[in-house]
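A.B. asks: Take a look at the following structure, please.
The values are calculated or read from the model by the stated rules, or taken from the named source; none is laboratory data. Not measured: the values here are computed from a predicted model. Note: ideal-geometry Cβ built from the backbone for every residue, glycine included; neighbour counts use all protein chains shown. Ligands, DNA and RNA are excluded from the accessible area calculation, which covers all protein heavy atoms including side chains. Shrake-Rupley method; radii C 1.70, N 1.55, O 1.52, S 1.80 Å.
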Amino acid sequence: MQKKFITNLAFLIIINLLVKPFWILGIDRAVQNTVDSNGYGLYYALLNFSLLLNITLDLGITNFNNRNISQNMHLVHKHLSGIIVLRLLLAAFYLVLSVSIALIIGYKSLELQMLLMLLFNQVMLSFILYLRSNISGLHYFKTDSVISVLDRLIMIAICGALLLYRKDEFHNHIEWYVYSQTAGYLITVCITLWVLHGKISMQRLNWNPAFFMLILKKSAPFAVLIFLMSFYNFFASIMIERMLPDGAEQSGIFAQANRLLDASNMIAFLFGGLLLPLFAHLIKKKQSVEELTKLSYCLISVPAILLISSCMFYKYEIMNLLYKHHEVESGRVLGILVFCFFAMSSNYIFGTLLTANGSLKQMNIMALSAVVINILLNLYLIPRYKAVGAAYASVTTQFFTALVQIVLSHRIFNFKIDYKLLWLFLLFSFLTIAFTYMSRYTNVYWLNALIIAMGASMLAAFALRLINLKVIAEIMKREE
């Protein structure tokens with residue numbers, strides 16, 4: 001299983017590194033630089049509003065389905081058509097509920113128009129993720145990897161053309177950005193259905209209320225968990241936009257800093273998506289998950305430490321390189337917010353493990369506590385420190401959830417504490433910070449100096465065997 005993880009992770013990371021960083025740091029950044037801060041800030045706040053109630057689109061079905069199909073692959077033929085009908089009903093409920101709440105909290109006509117398209121985009125994206133859960137649940141990981149970047153490839157082509165030929169008009173038309181996303185999602189849904197149809201025998205869509213209730217009952221714990229985690233992950237930008245007189249601008253500043261975190265988080269998200277079916281398969285067969293957990297944690301923690309150190313010492317230079325407005329303000333936010341990445345990376349490993357095990361009660365208690373902590377911190381910090389305050393609240397919340405999930409995993413799976421590994425990580429962190437700090441005092445251009453420091457840090461990771469190439473080579477030689 002470790003061999004399957006490494007080979008598919010390598011392919012998944014390569015294909016995503018070729019596409020998604022270009023989307024976020026190329027297209028999305030270009031859009032953000034083309035439109036004014038207020039326009040993008042409003043878009044970002046509305047986008048996060050559309051994500052808040054996203055759980056009603058899915059109600060945990062995707063995660064439940066991924067785990068269930070991984071353990072019972074024969075059920076995909078039986079469940080697919082019924083779940084598609086159920087998801088159409090949930091989409092209608094999501095749209096009605098979201099628009100109703102938007103009207104209550106005071107969104108006006110132009111805001112509602114953009115919000116409607118963003119809501120429709122979420123419907124399409126959620127449907128893509130569900131279809132992909134069947135593909136990955138059947139362990140067609142390479143096919144799933146290609147589909148994972150398909151929507152972005154289409155959006156890059158459309159947005160790239162608009163920015164190239166209609167850039168001046170784009171300044172006042174952030175909605176063009178939304179429409180290009182709509183086209184990308186719609187085309188990807190059609191292609192994914194075609195691919196899935198070629199791999200399984202799809203039955204006719206059917207109306208089966210008893211089946212709907214069964215699936216909703218089984219997926220309910222997943223739904224509660226996803227809703228709570230989405231709440232404390234996305235609510236900050238909405239609170240900023242609604243609570244402050246310059247809320248749209250501050251939300252835009254927060255979005256600029258968070259964009260780099262989003263780009264990095266896409267790689268961490270890949271770990272979770274790949275590990276869920278693998279963990280579920282191992283747990284079903286009552287096999288140990290400790291080695292796979294340790295391997296994945298080392299592979300994700302090393303780049304997390306590199307990113308944190310880079311943004312600690314070069315936050316202003318990075319923001320100045322990426323954006324044209326509010327570089328200093330967003331740099332301050334980035335220097336704080338980047339610490340979330342280490343905690344979130346841990347969450348994608350241990351949270352995925354606990355989800356695969358079905359430890360949803362403990363996870364939901366943790367997530368509810370995190371929501372309370374996050375709201376209280378934001379209510380206190382945002383009026384005083386604006387976007388910077390929201391960053392502090394996010395870091396505190398993410399580290400709380402990471403610590404709880406690590407403790408839960410240790411207790412449930414009886415993991416042995418590897419004190420040697422902990423000391424090696426501390427030493428690696430110290431060396432990385434030292435290399436990055438010293439790079440600031442060279443006569444080399446800052447970007448070249450940072451690359452050299454990161455290269456030296458990677459050599460340290462190999463020397464300390466946090467990434468053990470010999471062990472990885474041995475795993476690759478195994479027959480599975």
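A.B. asks: Counting only protein heavy atoms, what percent of the accessible surface of the chain is carbon or sulfur at a 1.4 Å probe? If you can, show how the numbers build up before the last one.
C.D. replies: Values: 14200 of 21220 Å².
Roughly 67 percent of what the probe reaches on the chain is carbon or sulfur.
A.B. asks: Further question on the same structure: Just to confirm, what accessible area per residue do you get for segment 121-200 at 1.4 Å probe, in whole Å²?
C.D. replies: Numbers: 3300 Å² over 80 residues.
So segment 121-200 comes to 41 Å² accessible per residue, rounded to a whole number.
A.B. asks: Report the one residue of F339, L42, F425 whose Cα lies farthest in the direction of the positive end of the charge dipole of the chain (charges on C-beta: Lys and Arg +1, Asp and Glu -1; origin at the Cα centre).
C.D. replies: The residue sitting most towards the positive pole is F425.
A.B. asks: With a 1.4 Å probe and all protein chains in place, put R411, R67, R242 in order of accessible area, largest first.
C.D. replies: On the way: R411 175, R67 55, R242 105 Å².
Output order, biggest surface exposure first: R411, R242, R67.
A.B. asks: Would you please report the Å³ per residue occupied by the convex hull of the alpha carbon atoms in segment 318-426?
C.D. replies: Working: hull volume 13.3 nm³, N = 109.
Normalising the Cα hull of segment 318-426 by residue number yields 122 Å³.
A.B. asks: Another one. Per residue, how much accessible area does segment 361-419 have with a 1.4 Å probe, in Å²?
C.D. replies: Values: 3210 Å² over 59 residues.
With all protein chains present, segment 361-419 gives 54 Å² per residue.
A.B. asks: For L466, list long-range residues whose amide hydrogen, built 1.01 Å from N in the peptide plane, is under 5 Å from its own amide hydrogen.
C.D. replies: Hits under the 5 Å cutoff: none.
A.B. asks: Compute the signed sum of charges (Lys and Arg +1, Asp and Glu -1) over the other residues within less than 13 Å, Cβ to Cβ, of G60. The partial results should precede the final answer.
C.D. replies: Numbers: positive: R67, R87, K217, K218; negative: D58.
Net local charge, G60 excluded: +3.
A.B. asks: Which of K20/K324; K20/K386; K20/K217; K218/K294; K284/K416; K20/K294 have a Cα-Cα distance over 32 Å? Walk me through the numbers before you get to the answer.
C.D. replies: Working: K20/K324 21 Å; K20/K386 29 Å; K20/K217 35 Å; K218/K294 30 Å; K284/K416 21 Å; K20/K294 27 Å.
Exceeds cut-off: K20/K217.
A.B. asks: Quick check on the chain: helices-only [θ] at 222 nm, where DSSP H runs of length 4 and up contribute -39,500 (n - 2.57) each and the sum goes over total residues. Nearest 500, please. Walk me through the intermediate numbers first.
C.D. replies: Values: 22 runs with 401 residues, N = 480.
The per-residue figure over the chain is -28500 deg cm²/dmol.
A.B. asks: So what's the convex hull volume per residue for the Cα atoms of the chain, in Å³?
C.D. replies: Numbers: hull volume 71.6 nm³, N = 480.
Measuring per residue, one finds 149 Å³ for the Cα hull of the chain.
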